[in-house]
Amino acid sequence: MKLYDKIDLHMHTVISDGTDTPEELLPLVKEAGLDVFSVTDHDSVKGSQIIPPLLKEGDPVFISGVEFSCKDEEGKYHILGYAYDPEASSIRQLMEKGHTFRMNKLAGRMQRLTEEFGFVFPKKDLDELFAMDNPGKPHIGNLMVRLGFAESKDQAIREFIDKVNWKSEYLRPEEAIRGILDAGGVPVLAHPSYGSGDELILGEEMDERLKKLISFGIQGVEAYYSGFTQRLRLENLAFAEKYNLYVTAGSDYHGKNKIVVLGDTDLPAQEERAEGFKRFLARVLPEK
C-alpha cells in the first residue's frame, strides 16, 4: 500500500457546524498538503456524497465519514463512522433520527432563550436558522452576536445557550455503532477522553467505557487528536493496543468556528505510527 504522509480524518463543513462548504473545503485540503481526508459532519452523509464527484486524478484520497452525537445513562459519546456506504438504509435511518433530535433541540433552545432571557428572534432569522442542514450552538451564537445579544459566539454559548433548561434527545451509542457496521463502515470513538463539557474520562473509567463500547462493536479510537495532550494521546494509544483497536487521526477542523488548523492531528512520522493506525489505513484505503 502507498505510504500516505499527511492525514486528517475529522473535519466539518457548513452541513453541520463548520464554516466552509464542501466545495470550499477541497482547495483548503489540497493547500494543507493532505494525502487522505474525511469529512465527518454531524448526523449527515451529505458531504460524503458531494465531495467524490469533485475529485480529480492526483487529488487527496477521500474516505466517507460521519459523526453521530450519542448519549446513554453513563454520559455522552461522539461516534465516528468511516468507509461506509452513504446509500445504505442503516446509515440513512441514523442520519434522519439524529437530524430530528437536532432540530428538536434547536426548537427547544430557541424557545428557552426567549422565555429565560427575553431574547426575541425575528421570524426571518429563525426561518433561515431552521432551513440549515444541521444547525447547532455555533449557529445560534453567531445569530445572537449579529442581533446584538452577545459580544462573541463563545460568550453567547457560555453565558446563555449552555444555561437554558432543555432536555435533549440523543442517539444511543449502540444504535450508532450498529448502523455504521450495517452500512459496511468502521465505527470509531471520537476524542475518547472528552466527555460532556469539560469532563475528562481517564484510567479505569475510560477502560470500563471502552469495554462497553467494544461489546457494542466499536472498532477504533481517535488517539491522534489536535486537542490531546501527550498524556491523553499515549493513554488512548495504550488502550488501542490493549484491545486491538484501530487508531485514527483527526483535527476536528470547523473553519472559523474553532481555532483548529486543518491537518493538525499530532500524527507522527510513518515509522512511529501505532500499529492500529496502520491497520486502519489498510482497512479503508485502496491498495496501490
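Name the one entry in Ser48, Ser69, Ser90, Ser44 that is assigned by TED's automatic domain parsing to the domain that holds Ala176, more than 19 Å from His10 (Cβ to Cβ) and of a type in the set (Ser, Thr, Tyr).
Only one candidate qualifies: Ser90.
Out of all the residues in region 193-211, is one or more in contact with a helix residue (DSSP H, G or I) (Cβ under 9 Å, 6 or more places away or on another chain) and at positive phi?
The answer is yes; a qualifying residue exists.
Checking the conditions here, which among Lys56, Lys76, Lys30 is in the same structural domain as Ala190 (by TED's automatic domain parsing) and either on the phi > 0 side of the Ramachandran plot or touching a residue at least 60 places away in the same chain (Cβ under 8 Å) (or both)?
Going through Lys56, Lys76, Lys30 in turn, the sole match is Lys76.
One residue is enough: does region 91-104 have a residue meeting the conditions at pLDDT 95 or above and among the small types (Gly, Ala, Ser)?
No, region 91-104 has no match at all.
Of Ser64, Ser38, which residue is more than 21 Å from Pro192 (Cβ to Cβ), under 19 Å from the mean Cα position of the chain (by Cα) and part of a strand (DSSP E or B)?
Unique residue meeting the criteria: Ser64.
Could you list, in sequence order, the residues of region 123-142 that are surrounded by fewer than 19 Cβ atoms within 10 Å (Cβ to Cβ) and part of a loop (DSSP other than H, G, I, E, B)?
Answer for region 123-142, where residues must be surrounded by fewer than 19 Cβ atoms within 10 Å (Cβ to Cβ) and part of a loop (DSSP other than H, G, I, E, B): Ala131, Met132, Asp133.
Could you check Ser168 against (1) assigned to a helix (DSSP H, G or I); (2) under 22 Å from Asn257 (Cβ atoms) and say which number it fails?
(1)
Confirm whether Phe101 is touching a helix residue (DSSP H, G or I) at 6+ places or on another chain (Cβ under 8 Å), outside the structural domain of Glu174 (by TED's automatic domain parsing), surrounded by 15 or more Cβ atoms within 10 Å (Cβ to Cβ) and among the aromatic types (Phe, Trp, Tyr).
no
Sort out which residues of region 70-106 are more than 22 Å from Glu128 (Cβ to Cβ) and of a type in the set (S, T, N, Q), and write them in order of number.
Ser89, Ser90, Gln93
So which residues in region 51-70 are out of contact with any Leu (no Cβ under 8 Å at 6 or more places or on another chain) and crowded, with 17+ Cβ neighbours inside 10 Å, if there are any at all?
Listed by number, the list holds a single entry, Ser64.
Filter region 143-176 for residues that are touching a residue at least 60 places away in the same chain (Cβ under 8 Å) and over 30 Å from Leu245 (Cα atoms); which is surrounded by the fewest Cβ atoms within 10 Å (Cβ to Cβ)?
So, considering only residues that are touching a residue at least 60 places away in the same chain (Cβ under 8 Å) and over 30 Å from Leu245 (Cα atoms), the one surrounded by the fewest Cβ atoms within 10 Å (Cβ to Cβ) is Ser168.
Only one residue in Ala190, Ala240 is over 19 Å from Glu272 (Cβ atoms), modelled with pLDDT of 95 or more and of a type in the set (A, V, I, L, M), so which one is that?
Step by step, each of Ala190, Ala240 is checked, and only Ala190 is over 19 Å from Glu272 (Cβ atoms), modelled with pLDDT of 95 or more and of a type in the set (A, V, I, L, M).
The values are calculated or read from the model by the stated rules, or taken from the named source; none is laboratory data. Only a predicted model underlies this, so the values are computations on that prediction, with no experimental measurement involved. Every residue, glycine among them, receives a Cβ derived from its backbone with ideal geometry; neighbour counts consider all protein chains shown.
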